Amino acid sequence: MYEGAIQDLIDALGRLPGVGPKSAQRIAFHILQSDADIAAALVDAIRTVKERVKFCTQCGNVSEETECRICRDPRRDNSQICVVEESKDVIAVERTREFRGKYHVLGGAISPIDGIGPDQLRIKELMSRLSDSAITEVILATDPNLEGEATATYLARLIKPLDIKVSRLASGLPVGGDLEYADEVTLGRAFEGRRNVEN
């Protein structure tokens, strides 16, 4: 344990997701040993992001405008909405260059253990968007874990009566993976999501 400001910095860094005590200590000492300009730039970047960045009023993605660039883009397909848990998931899907529709960011996943239920997510906003008759498909792209599956199942049940096609991203074996190392759930999903081989 250190004392004073350095321990306060370590504690603050340790509260960040994915940063354990050793990483927090390493980052704190890196900041301490860096030039004052580097530390000031970090402080300015944090302050600026907190002041400027907000959430898109349409989809919930991060944006410096009222609506994000994807929602403002007239070339996007208004008939498809891809539902994701977090803004970082939008970037992951965009990198594939396979999806040309719009997004809806839930702000997390249903997790009773963490006290997160449907009311804590942007599900009401999604249902409001689905009243638009132009929307013909909702793609559920939540994480393939317990919380993501629970969220996808909940949303599918809500959307089904609206006569809108609901699809789920396929999951299964990663490219370059070995069958012998795949767990039963992953291998089972790969079998469920198999497709015909075209000659």
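Scanning the stretch 103-147 for residues being buried (at least 20 other Cβ atoms within 10 Å of the Cβ), of a type outside the set (Val, Ile, Thr) and not in a loop (DSSP other than H, G, I, E, B) gives a total of 4. Assess whether Arg97 counts as being at pLDDT 90 or above and in contact with a His (Cβ under 8 Å, 6 or more places away or on another chain). Spelling it out, it is not the case that Arg97 is at pLDDT 90 or above and in contact with a His (Cβ under 8 Å, 6 or more places away or on another chain).
Yes or no, residue by residue, for (1) out of contact with any helix residue (DSSP H, G or I) (no Cβ under 9 Å at 6 or more places or on another chain); (2) under 20 Å from Val84 (Cβ atoms):
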| position | (1), (2) |
| --- | --- |
| Glu137 | yes, yes |
| Leu158 | no, yes |
| Pro161 | yes, no |
| Glu192 | yes, no |
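Would you pick out the residues in the stretch 1-18 that are aliphatic (A, V, I, L, M) and over 17 Å from Ile46 (Cα atoms)? Can you show your working first?
Going through the stretch 1-18, the residues aliphatic (A, V, I, L, M) turn out to be 1, 5-6, 9-10, 12-13, 16.
Those that are aliphatic (A, V, I, L, M) and over 17 Å from Ile46 (Cα atoms): Met1, Ala5, Ile6.
The residue pairs whose first member lies in the stretch 170-195 and is surrounded by 10 or more Cβ atoms within 10 Å (Cβ to Cβ), whose second member is of a type in the set (S, T, N, Q), and whose beta carbons are closer than 6 Å, counting only pairs six or more residues apart or on different chains, are Arg189/Ser171.
For the stretch 18-52, a residue qualifies if it is in contact with a Gly (Cβ under 6 Å, 6 or more places away or on another chain) and either closer than 30 Å to Cys68 by Cα or surrounded by 12 or more Cβ atoms within 10 Å (Cβ to Cβ) (or both), and exactly one does: Ala24.
Note down all Cβ pairs under 8 Å where the first residue falls in the stretch 71-98 and is touching a residue at least 24 places away in the same chain (Cβ under 8 Å), the second is in a loop (DSSP other than H, G, I, E, B) and among the basic types (Lys, Arg), and they're at least six residues apart or on different chains. Hits for this filter: Arg75/Arg100; Arg76/Arg100; Asp77/Arg100; Gln80/Arg100.
Does Thr186 fit the bill of being in contact with a Ser or Thr (Cβ under 8 Å, 6 or more places away or on another chain) and outside the structural domain of Arg100 (by TED's automatic domain parsing)? Taking the combined requirement at face value, the residue satisfies it. Highlighted here are the helices (runs of 4 or more DSSP H) found entirely within the stretch 1-93 that include at least 3 residues which are within 23 Å of the chain's Cα centre (by Cα): 36-52, 69-72. With respect to the stated conditions, Arg15 fails to be surrounded by 11 or more Cβ atoms within 10 Å (Cβ to Cβ) and of a type in the set (D, E, K, R). Could you tell me whether any residue of the stretch 55-67 is crowded, with 16+ Cβ neighbours inside 10 Å, farther than 24 Å from Ala45 by Cα, among the hydrophobic types (A, V, I, L, M, F, W, C) and in contact with a helix residue (DSSP H, G or I) (Cβ under 7 Å, 6 or more places away or on another chain)? Yes; the residues of the stretch 55-67 include at least one that is crowded, with 16+ Cβ neighbours inside 10 Å, farther than 24 Å from Ala45 by Cα, among the hydrophobic types (A, V, I, L, M, F, W, C) and in contact with a helix residue (DSSP H, G or I) (Cβ under 7 Å, 6 or more places away or on another chain).
The values are calculated or read from the model by the stated rules, or taken from the named source; none is laboratory data. Being a predicted model, the structure only gives us computed values, none of them experimental. FYI the Cβ positions are ideal-geometry reconstructions off the backbone, even for glycines, and counts take in every protein chain you see.
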